[in-house]
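This report refers to the structure that appears directly beneath it.
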Amino acid sequence: MQDMVVLSNLSKTYAKGGVKAVDGLNLRVGHGEIFGFIGPNGAGKTTTIKMLTGILNPDAGEVAVDGIDMRRDPIAAKRLIGYVPDGGEVYERLTGMEYLCFMADVYGVPDRLRRERIERYLELFEMEDAVGNQVRSYSRGMRQKITLIGALLHAPALWVLDEPMVGLDPKAAHILKEEMRRHCAAGNTVFFSTHVLDVAERLCDRIGIIRAGQLIAVGTMDELRSAEHAQTLEGIFLELTDAEEA
């Protein structure tokens, strides 16, 4: 079976800075895998995610989602992805329900399925009472919840989450982690970035560490421990990124 995500020699430079945000990155992520993507601020996590989801075009290299080349057939590749960006950006003058129906329309979710899924996820994330209100009235956590729901309505094969825990209360964060596990248990894939290292350590099947646009380590926790002295992900992360800085 082919991998769900294949990033091949991926590079991106922002013209003004002249520094590569992502530099020759190679990565494979399989079906049914929760993959954590971690790194310091400015390491290239969000740029990589935006190239993976087709929001940014790479300067060099290729992105494939379940065997579909993002450059050659972007619509087909994007149909497989549910994306939650960092920052909770949602159309503020739509109500929560209008936003969810818009997302369902974009991905062609049939009426019966959308009703079932919207009802389930609104109840799961305790958003039933707020869904009739405009998004601009929502707290940061409520915006994150409605974005998460919208990204799940079409049952994507690949769920891409950029800092998904930000703004969530402990109960909602627990529900999200359970939903990520459930999603992957069905053979789907989760690719997410986070600064919450203990969550990544407990939740992920494999973890990649990026520094200055380059992938400096990737593997299971056991594999990362065997290559480094530290036993926790925090310790491994600090050892690797401090060594790179030195």
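None of the figures in this text is laboratory data; all of them are computed from the coordinates on show. From a predicted model like this one, the values you see are computed outputs, not experimental measurements. Neighbour counts are summed over all protein chains in view; Cβ atoms, including those assigned to glycine, are modelled from backbone coordinates with ideal geometry.
By DSSP, the beta bridges lying fully in the range 146-238 are antiparallel in about 50 percent of cases. Positive contributions from Lys and Arg (+1) and negative ones from Asp and Glu (-1), summed over other residues with Cβ under 12 Å from the Cβ of ASN188, come out at -1. Between the C-alpha center of the range 183-246 and that of the range 98-162 there is a gap of 29 Å. The calculated pair-distance distribution of the chain uses every alpha carbon pair, bins of 10 angstrom beginning at 0, and gives 7, 31, 36, 21, 5, 0 percent. 3J(HN,Hα) along the range 137-149: 8, 7, 6, 4, x, 5, 5, 5, 5, 5, 5, 4, 4 Hz, from the Karplus curve 6.51 cos²θ - 1.76 cosθ + 1.60 with θ = phi - 60°, whole Hz, x for Gly and Pro. For the chain, the longest principal axis of the Cα atoms and the long axis of helix 233-245 meet at an angle of about 50 degrees. Of all DSSP beta bridges confined to the chain, the antiparallel ones make up roughly 55%. Using only alpha-carbon positions in the range 61-156, the gyration tensor eigenvalues give semi-axes of 26, 15, 11 Å once each is multiplied by 5 and square-rooted (largest first). Need the list of lysines near LYS20 for cross-linking: C-alpha distance under 22 angstrom, and skip anything on the same chain fewer than eight residues off. Within reach: LYS12, LYS45, LYS50. Taking 10 °C and 1.306 mPa s as conditions, the range 1-101 diffuses translationally at an estimated 106 µm²/s according to Stokes-Einstein applied to its Kirkwood radius (Cα pairs). Once both labels are positioned 7 Å from their Cα atoms along Cα-to-Cβ, the gap between ILE75 and LYS171 label points is 4.2 nm. Cross-link reach is defined here as a Cα-Cα straight distance under 19 Å, omitting same-chain residues fewer than 8 places apart; for LYS16 the aspartates and glutamates meeting it are ASP59.
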